[in-house]
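Visitor: Let me begin by handing over the structure; questions about it come next.
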Ligand code: IDP
Ligand code: MG
């Protein structure tokens, strides 16, 4: 276990989660775990914002489908805070592929393969302190 330091992470409920009415369940799991939500908004992100957010995936076969999918409806963006929240939310979310994400996780319990080019897995969570800072600035920097 690494040292306990208060962190912040960017969490998104993707368009599939909003469409399916699962925002409450996602928030509930974050709050039940004990993390604090310090910022929250429903939004329709622009293509430019999403391309910046997913810049690390540019050039991959799922990049364009991913951006298109993220543009397919409103999303909920939030910032959660707490000791090791970056790792903790990734653990709550489960692995990227919802088919094999562990039961008990958000993706494992609430998502599955839909046969689409991009895997629809309900949530995004930052994967490192550097990513979290960068992503929080993208989504909440201009508030
Ligand atoms: P993460 O969301 O678990 O951090 P990343 O590798 O950062 O996963 O990928 C970003 C998003 O792109 C995923 O959540 C998923 O929606 C989609 N994605 C990632 N890898 C694939 C793939 O191999 N095929 C289709 N979609 C993918
Ligand atoms: Mg990622």
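Visitor: Order by neighbour count: 66, 10, 40, 50, fewest other Cβ atoms within 10 Å first, most last. Kindly include the intermediate steps, with their values, before the conclusion.
Guide: Working: 66 21, 10 25, 40 15, 50 18.
Ascending number of Cβ neighbours within 10 Å: 40, 50, 66, 10.
Visitor: Compute the distance in nm between two label points, each set 7 Å from the Cα along the Cα-to-Cβ direction, one at residue 112 and one at residue 60.
Guide: So the two model labels end up 2.4 nm from each other.
Visitor: Moving on to the next point. Rounded to the nearest 0.05, what FRET efficiency do residue 31 and residue 71 give with R0 = 30 Å and r taken as the Cβ-Cβ distance? Could you check?
Guide: Values: r = 28 Å, r/R0 = 0.94.
After rounding to 0.05, the efficiency reads 0.60.
Visitor: Same structure, new question: How long are the semi-axes of the equivalent ellipsoid of segment 64-111, defined as square roots of 5 times the Cα gyration tensor eigenvalues? Whole Å, largest first. Walk me through the numbers on the way to the answer.
Guide: On the way: eigenvalues 88, 58, 16 Å².
Semi-axes from the Cα gyration tensor: 21, 17, 9 Å.
Visitor: If the viscosity is 1.002 mPa s and the temperature 20 °C, what translational diffusion coefficient in µm²/s does Stokes-Einstein give for segment 1-103 when Rh comes from Kirkwood over Cα pairs? Intermediate results must be reported in sequence, preceding the final value.
Guide: Numbers: Rh = 14.8 Å.
Answer from the Stokes-Einstein relation: 145 µm²/s.
Visitor: Quick one: order 63, 139 by neighbouring beta-carbon count within 10 Å, fewest to most. Display every interim value, and only then the final one.
Guide: Numbers: 63 16, 139 22.
Going from least to most buried by this count: 63, 139.
Visitor: Something else: Starting from the Cα of residue 43, move 7 Å in the Cα-to-Cβ direction to define the label point; list residues of segment 1-32 whose amide nitrogen is under 19 Å from there.
Guide: 8-19, 23-24, 27
Since every read-out is calculated from the coordinates, none of them should be taken as a lab result. What you are looking at is a predicted structure, and each value in this text was computed from that prediction instead of being measured. We place every Cβ from the backbone using ideal geometry, glycine too, and count neighbours over all the protein chains shown.
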